[in-house]
Amino acid sequence: MPEQTQPRGNTPRPQRLRRLSFEYDGHYVQLLDDEDVEAIHTASHPADLAGSYSHWFEVLDSGGKRLYHQLLPGHPAGAPEVFHHEEPVKRDWEASSRGAFTIYVPAPGPGEEHEVRLHRPHPHPDEAAAHPAGPTVLGAFKLRYRNEEDDDV
């Protein structure tokens with residue numbers, strides 16, 4: 001049987017991305033580092049994540065158009081569950097958790113500015129009465145074009 005190969009036109013090519021490293025403590029998120037890298041980037045998540053029960057992020061252009069969105073890696077997928085003797089299981093939305101995560105986003109080109117927004121999960125329908133506000137932006141971070149000389153400074 002002949003070896004199967006992928007056609008040349010479909011081979012993913014590295015592109016310029018911005019690697020963003022964050023730390024979080026509860027709902028407080030801090031950008032620690034950002035660096036331009038060349039890498040193969042995954043496609044946007046196929047679903048609209050605005051009603052998601054997981055942490056997620058989006059990249060917007062300067063006009064507010066969504067360029068990219070994806071689930072957050074390494075961030076808790078919601079609030080910790082709290083078990084009580086005589087009550088149903090509930091999520092503790094105020095519980096503090098700590099950690100770090102890294103995301104890769106499309107790097108802005110010359111003259112472009114992007115905004116990265118990190119979102120917390122939308123409350124489950126069973127918990128909507130206690131948290132009716134829906135998704136909350138945990139942080140918004142502006143990204144500007146950086147040419148290679150800027151990295152040396």
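What the table below lists for this structure:
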read-out: Residues being open to solvent by 40 Å² or more (accessible area, probe 1.4 Å) and of a type outside the set (S, T, Y) - total across segment 51-69; value: 7
read-out: Matching strands (runs of 3 or more DSSP E) fully within segment 80-153 where at least 3 residues are closer than 20 Å to S21 by Cα, open to solvent by 70 Å² or more (accessible area, probe 1.4 Å) and modelled with pLDDT of 65 or more; value: 137-144
read-out: Near pairs, Cβ below 6 angstrom, 6+ apart or cross-chain, from segment 23-46 (in contact (Cβ under 8 Å) with a residue 40 or more places away in the chain) to any residue that is surrounded by 14 or more Cβ atoms within 10 Å (Cβ to Cβ) and of a type in the set (A, V, I, L, M); value: H27/L138; V29/L118; V29/L138; D34/L20; D36/A107; V37/L17; A39/L17; H41/L17
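The values are calculated or read from the model by the stated rules, or taken from the named source; none is laboratory data. Here the structure is a predicted model, which means the values were calculated and not measured. Here the Cβ is made from the backbone with ideal geometry for all residues, glycine too, and neighbour counts use every protein chain on show. In case anyone asks, the SASA skips ligands and DNA or RNA and just uses the protein heavy atoms, side chains included. Shrake-Rupley method; radii C 1.70, N 1.55, O 1.52, S 1.80 Å.
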